């Protein structure tokens, strides 16, 4: 594998059993994502894009094929091994923010560090730095219910960043935001990608969100239908 390739999917297939029938969610997807890239995975409902995200994010395992992350094949890992990969190498940002209610922005950002060997003082410093990087300096002690939707998503991004992951997976990151706020969030992702070299994968149905990525991977019926360069 080339040194600058971060993610390598080789003939990934995923079959779900529903009752007595089989659903072929992915039918043989092969694609590589380089370090520092920013790509969008697009497709209609039922296309397989969410399944592809779940496999890349180590939330699910492929039925067949090889998934290599940072030079390590993770497609054969057990649940505990996948959990460690998720905590250390992958940052998640979801449409619904997934923050703990009535808990401060700082405490939410520190969460991934609870499962590491980082001491409390260092964890706080890392979380403060992460919040500052998304424009929330001075808002660290505010509870989740005191923050706007855009600020909550910024906290979610800070939490995803705090462990310095290999890749950030953002699933419909602007889905619960108005257009202006969504645009601000996408500019944060772009800046993190361009200035910090962070690899970002967006999963979206929104062409305007996908335009922020360098390229769009269109999934249909469990296969890559086409790849579009976005000119970034």
**Prompt:** Within the bounds of segment 175-183, is there any residue that is assigned to a loop (DSSP other than H, G, I, E, B), within 25 Å of residue 7 (Cβ to Cβ) and within 15 Å of the chain's Cα centre (by Cα)?
**Reply:** yes
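Could you check segment 133-148 and list, in sequence order, the residues that are assigned to a helix (DSSP H, G or I) and either farther than 14 Å from residue 99 by Cα or in contact (Cβ under 8 Å) with a residue 40 or more places away in the chain (or both)? Explain how you work it out, then say what you get.
Here is the first cut: in segment 133-148, the ones assigned to a helix (DSSP H, G or I) are 133, 144-146.
Passing the criteria: 133, 144, 145.
When you scan segment 65-109, how many residues do you find that are in a loop (DSSP other than H, G, I, E, B), out of contact with any strand residue (DSSP E or B) (no Cβ under 7 Å at 6 or more places or on another chain) and crowded, with 18+ Cβ neighbours inside 10 Å?
If we filter segment 65-109 for residues that are in a loop (DSSP other than H, G, I, E, B), which is where we start, we get 70-71, 74-78, 95-103.
In the following step, the residues that additionally are out of contact with any strand residue (DSSP E or B) (no Cβ under 7 Å at 6 or more places or on another chain) were identified as 71, 76-78, 96-101.
If we keep only those that are crowded, with 18+ Cβ neighbours inside 10 Å too, we end up with 97, 99.
Summing the residues that are in a loop (DSSP other than H, G, I, E, B), out of contact with any strand residue (DSSP E or B) (no Cβ under 7 Å at 6 or more places or on another chain) and crowded, with 18+ Cβ neighbours inside 10 Å in segment 65-109 gives 2.
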**Fill in**
Flagged in segment 28-58 as farther than 18 Å from residue 199 by Cα, in contact with a helix residue (DSSP H, G or I) (Cβ under 8 Å, 6 or more places away or on another chain) and modelled with pLDDT of 95 or more, in numbering order, are 29
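Looking at the structure I just gave you, is residue 122 surrounded by fewer than 20 Cβ atoms within 10 Å (Cβ to Cβ) and farther than 24 Å from residue 196 by Cα? If you could, list the steps in order and put the result at the bottom.
On the way: surrounded by fewer than 20 Cβ atoms within 10 Å (Cβ to Cβ): yes; farther than 24 Å from residue 196 by Cα: no.
Considered against the rule, which asks whether it is surrounded by fewer than 20 Cβ atoms within 10 Å (Cβ to Cβ) and farther than 24 Å from residue 196 by Cα, residue 122 comes out as no.
The values are calculated or read from the model by the stated rules, or taken from the named source; none is laboratory data. Source: prediction; values computed, not measured. Neighbour counts run over all protein chains shown; Cβ positions are idealised from the backbone, glycine included.
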